[in-house]
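K.L.:
Quick one: this structure, given as C-alpha cells, is what I'll be asking you about.
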Amino acid sequence: MSSVVLATAGYDHTIRFWEATSGCCYRTLQYAESQVNKLEITADKTRIAAAGNPQIRVFDVNSNDPNPLLTYDGHAGNVTAVGFHKDGKWMYSGGEDGTVRVWDTRSQVCQRTYESRAAVNSVVLHPNQGELISGDQTGHIRVWDLTASACSCELVPEIGTAVRSLTVALDGTMIVAANNNGTCYVWRMMRGASLTTHFEPLHKLKAHSNIILKCLISPDCQQLATTSADKTVKLWNLDGFTLDRTLVGHTRWVWDCVFSVDAAYLVTAASDMTARLWDLSSGEAIRTYSGHHKAVVCCALNDSAIEGRDADG
C-alpha cells in the first residue's frame, strides 16, 4: 500500500496516479464515458471516487484492475462534487441537476436526495459528519441536516452570483465560500443549543479579479488557498486575511488544489494540462506532473498516516 496517493483527472477521459516525489505516472485509468470533474480518495486510501457525467465510479487504489469496483447512477448531468463519510460508510455528491445525494457505499443505493433548485457547484461535509453544505449556481448556500433530513439554514452572500467552491475548517469553526466574482465570504461557525450550525459573518475577501474555481482551508486551519481563472493560486493568512504569497506558473485556469496533511505542500490542477506540486515555504513549484492531453480539472491527495499501518507517516 502506498503511503502517498496522488491522482489527477480531467477532460482527456483518464485518471492518472503519480509518484509524488519523482513525478512519474505509474497508473492510468480510462474513464471512457465522460470527462472527470472531481476526485476523492477514502481516508483509508483504498478507494478513489471519480465524478463524471452522469455517473460516479469508484476504483480500487491498490490494484491494477482497470474496471471500477462500483458505479453510482442517479444524477442527470455532470456530477460536480463527491466525498466520503470519514468511515467510508456513505458517500455524498452534488450535480448540475440541482440535487445533493447521499449514497450507501456498499449497496450503491441513493439513500437521500436533497433539492437545491439550481445547479450545485460544491458540496462539503461538516467535520461533525452530520451536515452537508452545498453552494449553487444562483448563489445559495444551504446546510442539509442529515439527522433531520432537511435544510436547516440558507445563506445568499451575493444574489445571482454563483457560489463556485466551499471549504470548512477541520476544527469546524469556519466556512469560506468563493464565488464567480473573485470574492470569498468567511463565516464563523457556531453550534447552538439545537446542535444546528449557525453562521456569523466574519470577513469579505476580494481574492481575485476573476472567477475563483476552488477555495480550500489548510489542514492546520492557518491558511486559505484560492485558485482562479486568472492563472494564479493565492495563499491567505486566516488570522488577518492578509495575502501570504501568490503561486505563479500555471499558464491557464487553475481548477483545483489540495494540501498535504502537514500543510507544507500544495498540489494544483490546471487547464494547461499539468498538475504541480508547490513547496509553500518558498512558493516554488518543485514538481510538474505532465501526461494529460487536455485540461486537468481535479486532483486528489492522501498522504496522511493510517493508524497501525503507516506508522512512519
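The values are calculated or read from the model by the stated rules, or taken from the named source; none is laboratory data. From a predicted model like this one, the values you see are computed outputs, not experimental measurements. FYI the Cβ positions are ideal-geometry reconstructions off the backbone, even for glycines, and counts take in every protein chain you see. Heads up: the accessible areas ignore ligands, DNA and RNA and are worked out on the full protein's heavy atoms, side chains in. Shrake-Rupley method; radii C 1.70, N 1.55, O 1.52, S 1.80 Å.
K.L.:
Compute the relative contact order of the chain as a whole-number percentage, counting only Cα pairs closer than 8 Å that sit 6 or more residues apart in sequence.
P.N.:
Once divided by the residue count of the chain, the mean separation gives 13 percent.
K.L.:
How much area per residue is accessible in the chain when the probe is 1.4 Å and only protein heavy atoms are counted (Å²)?
P.N.:
Numbers: 12700 Å² over 313 residues.
Value returned for the chain: 41 Å² of accessible area per residue.
K.L.:
In whole percent, and with a 1.4 Å probe on the protein chains, what portion of the accessible area of the chain is carbon and sulfur?
P.N.:
47
K.L.:
Okay, next question. Can you compute 3J(HN,Hα) from phi for each residue in segment 140-155, using the Karplus curve 6.51 cos²θ - 1.76 cosθ + 1.60 with θ = phi - 60°, rounded to whole Hz and x for Gly and Pro?
P.N.:
8, 10, 10, 9, 9, 7, 6, 6, 7, 6, 8, 6, 9, 7, 9, 10
K.L.:
Working from the pairwise distances between different alpha carbons, so that the mean of 1/r is found and then inverted, what is segment 165-313's Kirkwood radius in Å? Numbers along the way, then the final one.
P.N.:
Working: mean 1/r = 0.0626 Å⁻¹.
Taking the inverse mean of 1/r over all distinct Cα pairs, segment 165-313 comes out at 16.0 Å.
K.L.:
Given Cα positions, please report Rg to Rh for segment 17-81, the hydrodynamic radius being the Kirkwood one.
P.N.:
Taking Rg over the Kirkwood Rh, I get 0.98.
K.L.:
Let me ask something else. Net charge around ARG191, counting only other residues with Cβ within less than 15 Å of its Cβ (Lys, Arg = +1; Asp, Glu = -1)? Walk me through the intermediate numbers first.
P.N.:
On the way: positive: ARG188; negative: GLU131, ASP145, ASP171, GLU200.
Neighbourhood net charge equals -3.
K.L.:
Towards the positive end of the charge dipole of segment 131-237, with charges on Cβ (+1 Lys, Arg; -1 Asp, Glu), say which of VAL168, LEU155, LEU213 has the farthest Cα.
P.N.:
Checked the options; the winner is LEU213.
K.L.:
Write down, largest first, the equivalent ellipsoid semi-axes of segment 17-130 in whole Å, where each equals the square root of 5 times an eigenvalue of the alpha-carbon gyration tensor.
P.N.:
Sorted largest first and rounded, they come to 24, 16, 13 Å.
K.L.:
Determine ³J(HN,Hα), in whole Hz, for all residues of segment 10-18 in sequence, where each value follows from phi through the Karplus function 6.51 cos²θ - 1.76 cosθ + 1.60 and θ = phi - 60°; x replaces Gly and Pro.
P.N.:
Each residue's phi maps through the Karplus curve to give x, 8, 8, 6, 10, 10, 10, 9, 10 Hz.
K.L.:
If contacts are Cα pairs under 8 angstrom and at least 6 residues apart, what is the relative contact order of segment 167-313 in percent?
P.N.:
The normalised contact order for segment 167-313 reaches 14 percent.
K.L.:
Based on the mean of other beta carbon atoms within 10 Å per residue, what is the order of 280-290, 164-174, most packed first?
P.N.:
164-174, 280-290
K.L.:
Give a quick list of trypsin sites (Lys or Arg not before Pro) in segment 78-128 that DSSP marks as loop, anything other than H, G, I, E or B, with at most 13 other Cβ atoms within 10 Å.
P.N.:
Sparse-neighbourhood loop trypsin sites (Lys or Arg not before Pro): LYS86, LYS89, ARG106, ARG117.
K.L.:
Using θ = phi - 60° and the Karplus relation 6.51 cos²θ - 1.76 cosθ + 1.60, list the HN-Hα couplings for segment 68-76 in order, rounded to whole Hz, with x at every Gly or Pro.
P.N.:
Per-residue couplings from phi come out as x, 6, 9, 10, 10, 10, x, 6, 10 Hz.
K.L.:
Of the GluC sites (Glu not before Pro) in segment 16-95, which ones lie in a loop per DSSP and count no more than 13 other C-beta atoms within 10 Å? Write out the running numbers ahead of the final one.
P.N.:
On the way: sites: GLU19, GLU33, GLU40; in loops: GLU19, GLU33.
In loop regions of segment 16-95 (DSSP not H, G, I, E or B), the sparsely surrounded GluC sites (Glu not before Pro) are GLU33.
K.L.:
Give me the orientation-averaged projected area of the Cα convex hull of the chain, in nm², one decimal.
P.N.:
14.8
K.L.:
Can you give me the long-range amide H partners of GLY83? Hydrogens built in the peptide plane at 1.01 Å from N, cutoff under 5 Å, separation of 5 or more residues or another chain.
P.N.:
When sequence neighbours closer than 5 places are left aside, the close amide H contacts are TYR92.
K.L.:
Continuing with this model, one more query. Can you spot the lysines whose alpha carbon is less than 29 Å from LYS89's alpha carbon? Ignore those fewer than 8 places along the same chain.
P.N.:
Reachable lysines: LYS38, LYS45, LYS214.
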